[in-house]
2 protein chains.
Amino acid sequence: SALYRQAGAPIEDRISDLLRRMTLEEKVRQLDMYSGATSIMSRHTDDTHAAADALFLPEKAEALWGDLGVGSVHDLNPAPEQANAIQRWVIAHNRLGIPALFIEEGLHGFDTGTVFPAPIGLAATWNPQIAQQTGAAIAAEARATGVDMILAPVLDLARDPRWGRVEEDFGEDPYLTGRMGLAYVRGAQGGSLSTDHTVVAEPKHFVAHGSPEGGTNTSPVHIGERELRMVMLRSFEPAITEGHAMGVMAAYHEIDGIPMTADPFLLKTVLRNEWAFQGFVLSDLGAIKRLYTVHHVAGSLADAACMAIRSGVDMQFYDLDHAPFQKALIDCVHNGTLSQTDLDRAVRSVLRVKFSLGLFDHPFVDTNLNVKEHRAPAHLAVSLHSALESMTLLKNDNHLLPLAKTTQRIAVIGPNGNIARYGDYEKEANGEHISILQGIQNLLPHATVTFDEGTSIPQAVAKAKDADVVVMALGEKLGISGEGFDRSSLDLPGNQQELLEAVTAAGRPVVLVLQNGRPLTIRWAKEHVPAILEAWYPGEFGGKAIAETLFGDNNPAGRLTITFPQTIGQLPDYYNSDPSRMYGYTDSNGRPLFPFGFGLSYTTFRYDHLIVQPPAPGSGADIQATVEVTNTGDRPGDEVAQLYMREDVGSVETPRRSLEGFSRIHLNPQETQTVTFHIPQKQLAVWNAEGKWAVEPGSYTLWAGGSSQATLTAQLHLRP
Amino acid sequence: SALYRQAGAPIEDRISDLLRRMTLEEKVRQLDMYSGATSIMSRHTDDTHAAADALFLPEKAEALWGDLGVGSVHDLNPAPEQANAIQRWVIAHNRLGIPALFIEEGLHGFDTGTVFPAPIGLAATWNPQIAQQTGAAIAAEARATGVDMILAPVLDLARDPRWGRVEEDFGEDPYLTGRMGLAYVRGAQGGSLSTDHTVVAEPKHFVAHGSPEGGTNTSPVHIGERELRMVMLRSFEPAITEGHAMGVMAAYHEIDGIPMTADPFLLKTVLRNEWAFQGFVLSDLGAIKRLYTVHHVAGSLADAACMAIRSGVDMQFYDLDHAPFQKALIDCVHNGTLSQTDLDRAVRSVLRVKFSLGLFDHPFVDTNLNVKEHRAPAHLAVSLHSALESMTLLKNDNHLLPLAKTTQRIAVIGPNGNIARYGDYEKEANGEHISILQGIQNLLPHATVTFDEGTSIPQAVAKAKDADVVVMALGEKLGISGEGFDRSSLDLPGNQQELLEAVTAAGRPVVLVLQNGRPLTIRWAKEHVPAILEAWYPGEFGGKAIAETLFGDNNPAGRLTITFPQTIGQLPDYYNSDPSRMYGYTDSNGRPLFPFGFGLSYTTFRYDHLIVQPPAPGSGADIQATVEVTNTGDRPGDEVAQLYMREDVGSVETPRRSLEGFSRIHLNPQETQTVTFHIPQKQLAVWNAEGKWAVEPGSYTLWAGGSSQATLTAQLHLRP
């Protein structure tokens, strides 16, 4: 048979062989994505879901696809039988038998499967192993339905809390985001994509989407090349170079006048030449179209399409209608405005993903698999574990927490009390959706747990007065946080501040539990409420995790991955600013309300003996640092040991400190552990004044401790 | 005599001749600035002023300067006799007779001379002629005392209203700032610097200081090269290339990791190679020192000094102590880390300024001049004229303004009522300091004008109730606005909002008069107060100008040069954002409260017939646009006709619209004038995707009208 059909042949040879055989029309078809549920199925429940009993309609596929095949199918969320039926038809109905690629969302859970904490919560665990398990669980649930690729993880740095998509990020730090992203990618893609439980991961939104001007989604990003390379690209690089992620999504925005889908520097030079990215670049939904409609760098939709492929995008995402898109590329190849080389690069990239997934060799999914993988107990356990590890204690005056399990009367008050907040990209109907109220009731079946939504403040106050302790369940809902839900205020929304003040004034002990997608300016709460637990959007077992934390079954050790500002007027506020960033205002000291890396425990920790071993000059070996961490309290607990560094004098200005290592460890009372950090020298490289990467010799300061304000220091003298 | 002493010889030849004769020690001395008042005079009134009767002490000069001469003398504010005495000594006491250069502040007035409106107010006139007259008046008052150089104008773009130095800027627009800056420079430098009434102007703070991260002074600026070139540098370029400003101040901050005093790209490539800058670059006070202490790009103060000179700075400003500074440069020349070429470039630049000023040929000032120039009537008239033209009417419901001169009882209430607010870089004791209260009293000697500072709100309300009309004199004082006075809130400070609400509730007609250095978030006032006049800091005749405006002797025609946001949570907010900047929030539409270019009049204007003449292809001629403006009301008045443009489709994303022309005209009732705008084609050049300047052929949209929201459009098709 043809070389490209031989499973044992090297993939690059198979691609080349196949590419040689393809017509221009067949090629451009591979660069197009088709919406599935609404176009080729007999019934759909919404625009993104085929009905469970829907039939694949070959006559519709015939009209849509003819005999040219299909690049990818999206917004289908198929049953495995449906995916197989479509795949069978696609393979049979294109000359060369090229299979379809099924793509779906999977940010913190796949479709109706296990609901995991939102990424901002997952990141709060500072536990890449959980990120890997999350990625693997989502992949297994997806692939078992025939889905090959997931539009995740989000590796933008959340530097503007006004942005509604902060909840989708792993926070503000490039190193932490890089490690969590790598772990998710490794979990999702596994050791091989050619399995029945792994999928292509697709880091997004390439690149720097999390610093939009004004905090508004898709707005321009104002940075120069050094910040781009040393901060923004750094969060993506591990997922590509170490994790070999086979997808990347090009974002909506522009940087310094160049939109992401029209930027060959980023999509070709950095991604492919410098990082050797092997997968394909997908436009964010409509991002190519916006070259014409919003950015005004293309004179027509057709120009936009060709510009994007020329710049390094490989597949459109509902940008142009199918016929005009494909015609545009064909015309551009004919008139020379799109080179055959660029077109082939795009086709090759898509085909490589399909070959890597084994779709040419085993295109169908075992239809028995889904029932085993969908919400598998192991996945549910990961979700709960993640939620428990994400709980971030911000304040706990006089050891109000943990509450005694013997507490008799507990009032849960607030709009987040009787509902599980999942955050965007999950329906709140999915999963177990355990609310705080339910979580407490389950944990303390004999207690009297009352609930008030807080709509009527006097009524809420009355309930509070009847309780021994009040749990204020506040924060944000979808529509206030999430994609497209940017805010110009970071205060508690609606009547929540007023409600909190009134209930606090009632005189009962109050614990504020926040479920929200971004830092909130809770300065009043920090001053007046004795205990504050940041739960983010903790997934389907969130209420259970919160209850177990409040009542001491879980000792919280989540840490902030994003700075909480005192007021919105001090933005941007992130810990790894340059030393020349000044903080004082006439009306505020401008310091964070809660800093990056911060979080309390029911026990306490001490750091001693930070020792750093410089690598032998010329050895290229890792820098090794050790620190002793001791649990100085009387409860076992986890601590997230954090290592920060800065070059004391550099050729360019560098952040006042940067996270370069972290380790979440468990310590029994009075136990001491020595934590070892290995820092590859190249991790310290700066994009120097000459525009080159360099690890600069000289002295470096290290800090180790439990937050970005760690004070235990050591000095490293690095010789080249 | 030596060539360099021959007044008739070409300056470059004189410099070369002199340079050849100088020792290394003499050279580096030229790059140093000395504080005058405290070091060489018998008495000083403060650190920046010699006492009027102070004597120059040669023995102190001898100890300080020996026989090596002196680069510049600053912080002296000499009497002319003092300047002459020092100059005489300096020339006599260095081998080659090189004169000293006297440098002082002159932002909106020189020393105790005429106090002009702060730059943000001057800009509100949209009248470059007044800027030129202001520059000329300041120069004449300065030079008459022996001062040769003024540390102004400020050409940073005020894109962050939190920044305390917004008041020193001409606003947020690069074109307007460029025109005002050029006019100021032309006024200050005149046709020749070798006169008794012109001084070197020194545009600052090079470059982009007005976009500091977090709005805090001297913080990093995050932009890429395109924004740097197309926006930030554009405000400086006319002052250098057309105005031939002979000084530039390198700013404190870094852009993308490179501090301004260590940036050869900006200080050499752009400033000298591309713009042919002929003057010298001065460090902002301590900016070189900060390379070591703050930016950490230099390992010692000595390194910082050499790095700065190597990068294109030519004179330090109290960075290092004198001996270590000069030794550092000498050592660096000796060890090769500072080239002779760079050192000579710096010395040559300083000497060129001294030759250009004629200091070698007529080093002394006519001591009879000062009494004629100091607060000359013509200068005072410019100040008043500027203040009148700067008055910016933001709201005027039901023609509340102008108030009838027959008004009997007027209450002036608020902390800005009984004091002339000048803004930073002026002492409030200078000049006539006419307050609003005094201005009204002078204008209406028979009315009862009461005043209350507003400290006690009930007392203020009582006074309001006794009045026929209330003038609320609110805003900011020094310490809330000004250098180092950045804010994290833009609300009315202190109790002013509460005061305003209480007084408004008293039921009398209220006019809000603002004197402030930055846009304030006066959303409540816009909704509830019938009339709002923005007066900025209007100089010594401010109270007179305000009174004449309130009572109709002056028809206001000032226009905003900076956007007023609704809330601080929508920053940055400037009109010329890119089209992909999105504005909606879940809690706000994010639109400006008052847009750039906006201002009302006591009459009304209509725009008709915007017609654009494309230049003949290949001619390189200007684009010419005309629009008819008609005064449709019943009062004479000025209108600021504004022309905005954008390229419809460009190779890179460009602002949604950019100011490309403006003209302040006077129209009698029912009069129509045709305004003609000449737009040089190169004004439309973009820094394209290839990193080159290009005027791109294609279609452009033009808008003409009375603000940045102008709706009258025309289309231009530009052929190359």
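When the stretch B:235-283 is filtered for residues that are assigned to a helix (DSSP H, G or I) and within 14 Å of another protein chain (Cβ to nearest Cβ), the ones remaining, listed by number, are B:M260, B:T261, B:A262, B:P264, B:F265, B:L266, B:L267, B:K268, B:T269. Among the conditions (1) surrounded by fewer than 22 Cβ atoms within 10 Å (Cβ to Cβ); (2) in a loop (DSSP other than H, G, I, E, B); (3) within 9 Å of chain B (Cβ to nearest Cβ), the only one that A:Y292 does not satisfy is (2). Of the residues making up the stretch A:178-196, those that are over 25 Å from A:P80 (Cβ atoms) and among the hydrophobic types (A, V, I, L, M, F, W, C) are A:M180, A:L182, A:A183.
Annotation note: Cβ proximity below 7 Å between a residue of the stretch A:579-599 that is more than 7 Å from chain B (Cβ to nearest Cβ) and a residue that is assigned to a strand (DSSP E or B) and of a type outside the set (A, V, I, L, M, F, W, C) (sequence gap 6+ or interchain) occurs for A:P592/A:P565; A:L593/A:P565; A:G597/A:Q642; A:G599/A:T392. Within the stretch B:417-442, the residues that satisfy the criterion of being β-branched (V, I, T) and either in contact with a Cys (Cβ under 9 Å, 6 or more places away or on another chain) or within 9 Å of B:G542 (Cβ to Cβ) (or both) are B:I434, B:I436. Search the stretch A:67-123 for residues being among the small types (G, A, S) and assigned to a helix (DSSP H, G or I), and hand back the single one that is nearest to A:A201 (Cα to Cα). That would be A:A123. Please verify whether the stretch B:297-310 includes one or more residues that are among the basic types (K, R), out of contact with any Phe, Trp or Tyr (no Cβ under 7 Å at 6 or more places or on another chain) and either on the phi < 0 side of the Ramachandran plot or part of a loop (DSSP other than H, G, I, E, B) (or both). Within the stretch B:297-310 (the criterion being among the basic types (K, R), out of contact with any Phe, Trp or Tyr (no Cβ under 7 Å at 6 or more places or on another chain) and either on the phi < 0 side of the Ramachandran plot or part of a loop (DSSP other than H, G, I, E, B) (or both)), the answer is yes, since at least one residue qualifies. Criterion applied to A:E671, A:E647 was being within 14 Å of chain B (Cβ to nearest Cβ) and in contact with a strand residue (DSSP E or B) (Cβ under 8 Å, 6 or more places away or on another chain), and the one residue passing it is A:E647.
Could you list, in sequence order, all residues of the stretch B:480-494 that are facing chain A (nearest Cβ under 7 Å), of a type in the set (S, T, Y) and either farther than 11 Å from B:G215 by Cα or surrounded by fewer than 21 Cβ atoms within 10 Å (Cβ to Cβ) (or both)? Across the stretch B:480-494, the qualifying residue is only B:S489.
When residues of the stretch A:186-230 are filtered for being under 30 Å from A:A689 (Cβ atoms), part of a loop (DSSP other than H, G, I, E, B) and facing chain B (nearest Cβ under 9 Å), how many remain? Selection size over the stretch A:186-230: 7.
Restricting the first member to the stretch B:387-415 and to residues that are on the phi < 0 side of the Ramachandran plot, and the second to residues that are at pLDDT 95 or above and acidic (D, E), the beta-carbon pairs closer than 6 Å and six or more apart or on different chains are B:T392/B:E534; B:L394/B:E534; B:T407/B:D468; B:Q408/B:D468; B:R409/B:D468; B:I413/B:D452; B:P415/B:E453. If the condition is being surrounded by 15 or more Cβ atoms within 10 Å (Cβ to Cβ) and in a loop (DSSP other than H, G, I, E, B), then the stretch A:613-626 contributes A:P614, A:P615, A:D622. Does B:A152 satisfy the condition of being within 30 Å of A:G584 (Cβ to Cβ), away from every other protein chain (no Cβ under 14 Å), crowded, with 24+ Cβ neighbours inside 10 Å and out of contact with any strand residue (DSSP E or B) (no Cβ under 9 Å at 6 or more places or on another chain)? Against the criterion (within 30 Å of A:G584 (Cβ to Cβ), away from every other protein chain (no Cβ under 14 Å), crowded, with 24+ Cβ neighbours inside 10 Å and out of contact with any strand residue (DSSP E or B) (no Cβ under 9 Å at 6 or more places or on another chain)), B:A152 does not qualify.
State yes or no: is B:E389 buried (at least 17 other Cβ atoms within 10 Å of the Cβ), over 19 Å from B:G552 (Cα atoms), touching a Lys or Arg at 6+ places or on another chain (Cβ under 9 Å) and of a type outside the set (S, T, N, Q)?
In short, no.
Looking only at residues of the stretch A:495-504 that are in contact with a helix residue (DSSP H, G or I) (Cβ under 6 Å, 6 or more places away or on another chain) and touching a residue at least 40 places away in the same chain (Cβ under 8 Å), we find that the one that is nearest to the other protein chains (Cβ to nearest Cβ) is A:L499. Looking only at the stretch B:464-506, which residues are more than 21 Å from B:R421 (Cβ to Cβ) and outside any loop (DSSP other than H, G, I, E, B)? Scanning the stretch B:464-506 gives B:A464, B:K465, B:V469, B:E501, B:A502, B:T504, B:A505. At least 3 residues being hydrophobic (A, V, I, L, M, F, W, C) is the threshold, and among the strands (runs of 3 or more DSSP E) wholly inside the stretch B:507-612 those reaching it are B:510-515, B:531-534. Output the residues belonging to the stretch B:134-174 that are in contact with a Ser or Thr (Cβ under 7 Å, 6 or more places away or on another chain), outside any loop (DSSP other than H, G, I, E, B) and not hydrophobic (A, V, I, L, M, F, W, C). Once the filter is applied, which keeps residues that are in contact with a Ser or Thr (Cβ under 7 Å, 6 or more places away or on another chain), outside any loop (DSSP other than H, G, I, E, B) and not hydrophobic (A, V, I, L, M, F, W, C), the stretch B:134-174 yields B:T134, B:E141, B:R143, B:G164, B:E167, B:P174.
Of all residues in the stretch A:421-451, those satisfying the criterion of being assigned to a loop (DSSP other than H, G, I, E, B) and under 14 Å from A:A535 (Cα atoms) are A:R421, A:Y422, A:G423, A:I434, A:S435.
For the residues B:F317, B:F325, the requirement of being crowded, with 24+ Cβ neighbours inside 10 Å and more than 14 Å from chain A (Cβ to nearest Cβ) singles out B:F325. As a summary of the residue check, A:V347 satisfies the conditions (1) in a helix (DSSP H, G or I); (2) closer than 30 Å to B:D256 by Cα; (3) in contact (Cβ under 8 Å) with a residue 24 or more places away in the chain; (4) among the β-branched types (V, I, T) except for the one numbered (2). Just the residues that are surrounded by 24 or more Cβ atoms within 10 Å (Cβ to Cβ) and either of a type in the set (A, V, I, L, M) or over 11 Å from B:Y34 (Cα atoms) (or both), please, taken from the stretch B:50-79. Hits for the stretch B:50-79 are B:A50, B:V70, B:V73, B:L76, B:N77, B:P78. For the stretch A:328-352, a residue qualifies if it is in contact with an Asp or Glu (Cβ under 9 Å, 6 or more places away or on another chain), closer than 21 Å to A:A7 by Cβ and crowded, with 23+ Cβ neighbours inside 10 Å, and the qualifying residues are A:V347, A:S349, A:V350.
The rows are residues; the columns are (1) crowded, with 19+ Cβ neighbours inside 10 Å; (2) more than 30 Å from A:D553 (Cβ to Cβ); (3) of a type in the set (V, I, T).
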position	(1), (2), (3)
A:E628	no, no, no
A:P636	no, no, no
A:E639	yes, no, no
A:Q642	yes, no, no
A:T654	yes, yes, yes
A:F662	yes, no, no
A:H666	no, no, no
A:T674	no, no, yes
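Between A:G517, A:G542, A:G507, the distinction of being touching a residue at least 40 places away in the same chain (Cβ under 8 Å), within 13 Å of chain B (Cβ to nearest Cβ) and closer than 22 Å to A:I413 by Cβ belongs to A:G517 only.
Residues to consider are B:R606, B:R581; find the one that is within 28 Å of A:T293 (Cα to Cα) and either buried (at least 17 other Cβ atoms within 10 Å of the Cβ) or out of contact with any Asp or Glu (no Cβ under 7 Å at 6 or more places or on another chain) (or both). Selected residue: B:R581, the only one of B:R606, B:R581 that is within 28 Å of A:T293 (Cα to Cα) and either buried (at least 17 other Cβ atoms within 10 Å of the Cβ) or out of contact with any Asp or Glu (no Cβ under 7 Å at 6 or more places or on another chain) (or both).
The values are calculated or read from the model by the stated rules, or taken from the named source; none is laboratory data. Values in this document were obtained by computation on a predicted structure and should not be read as measured data. Neighbour counts run over all protein chains shown; Cβ positions are idealised from the backbone, glycine included.
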